[in-house]
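> Below are the structure tokens for one structure; questions will follow.
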Amino acid sequence: MDTCALVVNPSKDGAEALAKAFRARCADAGVEPLILETSAEDPGGGMAREALARRAELVVVGGGDGTVRAAAGELAGTGTPLGIVPLGTGNLLCRNLGIGLDDPDTALETAFAGRGRCIDVVWARVDDGDELAFVVMAGMGLDAAIMANTDEGLKAKVGWLAYVVSAARTIVGDSSRMRVDVEGRRVLERRQRGVMVGNCGQIQGDVEVFPGAVPDDGILDVLAVAPRGLLGWLRVAGSLLGRVRRRSTDLGHFTGTALRISAEQPLDVQFDGDHFGTGRTLSARVDPGALTVRVPRQ
């Protein structure tokens, strides 16, 4: 009998109900259910590897962006499709792919019966560490510091608004001299607060950090943030909210297939909302169409 796997974060609200619904859906499809729970030590990569070893024909992830990121890194290049039932705070990949955020039953049905969409995976390395995958966005500097300073207890109570609280606390700080190289060519070197690398465009609140970015174009979007004073921050906010479209020295926007960010001092780094410590360099390369994700047919 064929096997379908569910990689689920048991700490998330709705995890138990999802496991029950998954078993029922597998019974309807005539396949064997394999349920693998994540842990604090392993957010999903090991479970995805086990699913592949058990020859699962579909791997469904029930969790947040961190669980999706970990599983995606293992499934990339294998051809095994990934289904997602969003149970996290941000669920940014689901937002960008149109997978229902408020209806787990519909998301589970999409995982089993949706169409396959091949999206890009980005492989990134901090300093001389191992390459890790991300599918939404990564950052060095300000946005990563916001992730590091977010109170997990508050996040559990108010969701993504906890990031807003952290941003208000983190936004006042010193800039660092950073250099950005895209495809081996230096495009920017100046003092700035941070640099973000995007595979998708949209974050919470329907904010388009990278307008027009889509996860299957084979291109990385790079945004360097260097506001000067309060007016600079207002211009940055206006640009991100779509109210200011003119070019500004507060922002630098570049695109390419590979990049390297260098900083004069160690800065915070995040991949898909998970803090990965600090580093002085962040390199990234796009792996076009490496991951098949089940999305709504319409």
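The values are calculated or read from the model by the stated rules, or taken from the named source; none is laboratory data. Keep in mind that what you see is a predicted model, and the values were worked out from it rather than measured. Methodologically, a virtual Cβ is constructed for each residue, glycine included, from the backbone with ideal geometry; neighbour enumeration extends over all protein chains shown. These accessible areas exclude ligands, DNA and RNA; they are computed on the full protein's heavy atoms, side chains included. Shrake-Rupley method; radii C 1.70, N 1.55, O 1.52, S 1.80 Å.
> Under 7 Å between Cβ atoms, which residue pairs at least 6 apart in sequence (or on different chains) link something in the range 25-44 that is acidic (Asp, Glu) with a partner that is surrounded by 15 or more Cβ atoms within 10 Å (Cβ to Cβ) and modelled with pLDDT of 95 or more?
So the pair list comes out as Glu32/Thr3; Glu32/Cys26; Glu37/Val8.
> Return the pairs, sorted by first residue and then second, in which the second residue is open to solvent by 10 Å² or more (accessible area, probe 1.4 Å), the first residue lies in the range 69-85 and is at positive phi, the beta carbons are less than 7 Å apart, and the residues are 6+ apart or on different chains.
Matching pairs, first to second residue: Gly77/Ala290; Gly79/Thr292.
> Return yes or no: is Val197 at pLDDT 75 or above and not in a loop (DSSP other than H, G, I, E, B)?
Details: at pLDDT 75 or above: yes; not in a loop (DSSP other than H, G, I, E, B): yes.
Spelling it out, Val197 is indeed at pLDDT 75 or above and not in a loop (DSSP other than H, G, I, E, B).
> In the range 1-80, which helices (runs of 4 or more DSSP H) lie fully inside it and hold 2 or more residues that are open to solvent by 50 Å² or more (accessible area, probe 1.4 Å) and out of contact with any strand residue (DSSP E or B) (no Cβ under 6 Å at 6 or more places or on another chain)?
15-29, 45-53
> So, in the range 185-204, how many residues would count as being open to solvent by 50 Å² or more (accessible area, probe 1.4 Å) and either within 10 Å of Met137 (Cβ to Cβ) or out of contact with any Gly (no Cβ under 9 Å at 6 or more places or on another chain) (or both)?
3
> Which of the residues belonging to the range 96-121 are open to solvent by 30 Å² or more (accessible area, probe 1.4 Å) and among the β-branched types (Val, Ile, Thr)?
Thr106
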